[in-house]
Amino acid sequence: QPDYRRALQVVNMNTTGKLLGYCPLYKGMRVRLCCKLCAKHGLVHDAVGSVTDIVLHERDIAESRRWSTEKHHPARVLGYVQLKALPRAVLVHFDGCKVNFGFGPGVVSVEPHVSYWKYKTNEHLTGTRKQAEVSMARRQIPLAPEGVRTVQTAQGMSMDAAAIYMAKPGSTMDADDYWMHLY
């Protein structure tokens, strides 16, 4: 079980289609869902559970056999491996879910999703500073570590401690919106 907090890159999930820029995963890790899979069974945004398995892409399967058998493989020495391809799925046992979807009671196959959004930036091609929107898409497993949250996803929760980044995000937010976010 690696210390994923060391490797976690802090990313503003509001500007990345609600997906992390980097998401370490390991079996037993507590995660939360970043999309709605099935409201009927409580598999909605911020549902929490534990990773039970990771279904690797074909490009990583051969290497996984090596790191699991070779005593001095770099992955065993470091305690983690960075995959070459996005996993096919992550099997997650969601708290409170009793339905059997074919992987055991409460275990759900969370597969890669695509998020689309508009990123606001400034274009500099014409020599004048003008605001521009760029269409973005990101394909990723819609999971995040349970403890990594935005202020909005933490509303109503009791926490013993928190680390909060309070800098103003770029030049696209006016002062009134900034102060409201701080509140």
- prompt: Taking the simple approach of a point 7 Å from Cα along Cα-to-Cβ for both R30 and N100, what is their distance in nm?
  reply: 2.8 nm
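Taking all pairs of different Cα atoms in region 73-167, averaging 1/r and flipping that mean, what Kirkwood radius in angstroms comes out?
Final number for the Kirkwood radius of region 73-167 is 18.2 Å.
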message: Please compute, for the alpha-carbon atoms of region 15-78, the extent along each of the three principal axes and give them in descending order in Å.
response: 45, 28, 21
- line: Restricting to lysines and to Cα separations under 29 Å from K84, and discarding same-chain partners fewer than 8 apart, the set is K18, K27, K36, K71, K118
- prompt: So how much slack lies between Y119 and H181, counting 0.36 nm per residue of separation and subtracting their Cα-Cα distance, in nm?
  reply: 20.4 nm
statement: Taking R0 as 30 Å and r as the Cβ-Cβ distance between T69 and C38, the FRET efficiency 1/(1 + (r/R0)^6), rounded to the nearest 0.05, comes to 0.20
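Quick note: the coordinates plus some simple rules give every number you see, no bench work behind them. As the structure is a prediction and not an experimental result, all values here were calculated from the model. Quick reminder, even Gly has a Cβ in these numbers, built from the backbone with ideal geometry, and neighbours come from all protein chains shown.
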